1. Calculate the FRET efficiency for F14 and R51 from the Cβ-Cβ distance with a Förster distance of 25 Å, rounded to the nearest 0.05.
2. Taking K and R as +1 and D and E as -1, what net charge do the other residues with C-beta under 14 Å from the C-beta of Q10 add up to?
3. Taking amide H positions as placed 1.01 Å from N in the peptide plane, with prolines and chain starts having none, which residues 5 or more places from I147, or on another chain, fall under 5 Å of its amide H?
4. Would you kindly state the longest site-free stretch of the chain, with sites defined as trypsin sites (Lys or Arg not before Pro) in a DSSP loop (not H, G, I, E, B) surrounded by at most 11 other Cβ atoms within 10 Å?
5. Label D149 and D117 with points 7 Å out from Cα along Cα→Cβ: what is the distance between them in nm?
6. Net charge within 13 Å of P99 by Cβ-Cβ distance, Lys/Arg positive one each and Asp/Glu negative one each, not counting P99 itself?
7. Toward the positive end of the charge dipole of the range 2-146, about the Cα centre and with charges on Cβ (Lys, Arg +1; Asp, Glu -1), which of N141, A31, S11 goes farthest?
8. Relative to the present Cα-Cα distance, how much length would full extension add between E94 and D37 at 0.36 nm per residue of separation?
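We did not get these values from a lab; they are worked out from the coordinates using the rules stated. Small disclaimer: the values here were computed from a predicted structure and weren't measured. Counting neighbours? That spans all protein chains shown, and the Cβs are built from the backbone with ideal geometry, glycine included.
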Amino acid sequence: MDTLKRILEQSSYFYEIISHPEPLLTSRAGAEYFGIDRGQTAPTLLVKTGRQYFRLIIAGDRGRVNMAELSPRLGCGRIKLAARDEVRSVTGFEPGWVPLVGIPLPVILDQRLLRYDCVYGGAGKPDCTLRIDPRALVELNQVVAAIEDSDQQLFH
């Protein structure tokens, strides 16, 4: 969490690390706890191709990701969700708590998040959530692909 704090303090973006009594395990739970729109939650998924890993940061009101539709955008034949142990070994964090910034992996970013003043996502600990200006996700990450609002075929 020290790396996350250092990166955030050096940026010019609004952020807040919010502690809560227990882990928020779903976008629905996060939205209810914070009293926000489910689309303001920003889960970070780790996906892998045959060549590399990517972080996929999506709006919490999206459905399940259609990996077959996503793979051509990355120029790969196949893409799939990383296993729990891979998430830990590649990011250093448990699934569900991967920070929104501070992980040196390319990012696929859902542009739907940019419609909000702030979004809520992983802060690296189960009892903490990062509230942040979504524009920071663009600047503080290595964004290599975007998901547009109209990309409904990417979700089921």
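1. Details: r = 35 Å, r/R0 = 1.41.
Using R0 = 25 Å, I get an efficiency of 0.10.
2. -1
3. L109, D110, Q111
4. Within the chain, the longest run free of exposed trypsin sites (Lys or Arg not before Pro) spans 79-156.
5. 1.8
6. +3
7. Going by the charge dipole, the pick is N141.
8. Working: separation 57, 0.36 × 57 = 20.52 nm, distance 2.46 nm.
So the extension gain works out to 18.1 nm.
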